[in-house]
Amino acid sequence: MDQRRDLRVKDETTLSITYSSPAGERKNLQVLSKDISTGGLQVRTPDFVAVGTRLNLEMVLRSPQRLVELLGVVRWIREASGVAMYEDGIQFENGQADALAALAQYVTDKSSARSKT
């Protein structure tokens, strides 16, 4: 049973993720989202990023095009089937009203467009 509270849509968007490794190294990754909601997103990443890791995320929303910067936390991780990748569930942190409002509009618009097809 799916326990998500937020509207979620399939979305393949390239994101830039920056975080600190357990050894204190600053890491930068370019990843692809699988789906997105106002509460978080799922991404595929070539690197193992531990549960609880805080992330800085940058993504360009399409239609209208807008750069959104968000803070998130890895809530779950699993190995992707058939490829040497990981799938991470990332929850957005609160207190980012403008970015989350833009994201909510994007998700709603994308959901509405899909329901019309």
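The values are calculated or read from the model by the stated rules, or taken from the named source; none is laboratory data. Keep in mind the model is a prediction, meaning the values are calculated, not measured. Don't worry about glycine lacking a Cβ; one is built from the backbone with ideal geometry, like all the others, and counts go over all protein chains shown.
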Self-check item: Number of positions in segment 59-88 that are of a type in the set (D, E, K, R) and more than 16 Å from GLU12 (Cβ to Cβ)
Solution: 5
Quiz item: With (1) over 15 Å from the mean Cα position of the chain (by Cα); (2) modelled with pLDDT of 90 or more; (3) not polar (S, T, N, Q) as the list, and ASP2 as the residue in question, which single condition is left unmet?
Solution: (2)
Self-check item: Subset of segment 14-28 [within 17 Å of VAL60 (Cα to Cα) and surrounded by fewer than 17 Cβ atoms within 10 Å (Cβ to Cβ)]
Solution: THR14, SER16, THR18, ASN28
Exercise. Please list, ordered by first then second residue, the pairs with beta carbon atoms under 9 Å, 6 or more apart or interchain, first in segment 44-69 and within 21 Å of SER111 (Cβ to Cβ), second among the aliphatic types (A, V, I, L, M) and exposed (fewer than 12 other Cβ atoms within 10 Å of the Cβ).
Key: MET59/LEU67; VAL60/LEU67; LEU61/LEU67; SER63/ALA113
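May I ask you to say which residue of VAL83, VAL73 is modelled with pLDDT under 90 and either surrounded by 12 or more Cβ atoms within 10 Å (Cβ to Cβ) or not in a strand (DSSP E or B) (or both)? Don't jump to the end; show me each part of the working.
On the way: VAL73 fails: modelled with pLDDT under 90.
Sole residue among the options that is modelled with pLDDT under 90 and either surrounded by 12 or more Cβ atoms within 10 Å (Cβ to Cβ) or not in a strand (DSSP E or B) (or both): VAL83.
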Self-check item: Hits in segment 96-117 (condition: touching a residue at least 12 places away in the same chain (Cβ under 8 Å) and of a type outside the set (Val, Ile, Thr))
Solution: GLN96, ALA99, LEU100, ALA102, LEU103, ALA104, TYR106, ASP109, LYS110, SER111, ARG114
Exercise. Filter segment 29-62 down to residues that are surrounded by 13 or more Cβ atoms within 10 Å (Cβ to Cβ), assigned to a strand (DSSP E or B) and of a type in the set (A, V, I, L, M, F, W, C), then give me how many there are.
Key: 10
Quiz item: Has segment 11-32 got at least one residue that is touching a residue at least 60 places away in the same chain (Cβ under 8 Å) and either of a type in the set (Asp, Glu) or touching a Pro at 6+ places or on another chain (Cβ under 9 Å) (or both)?
Solution: yes
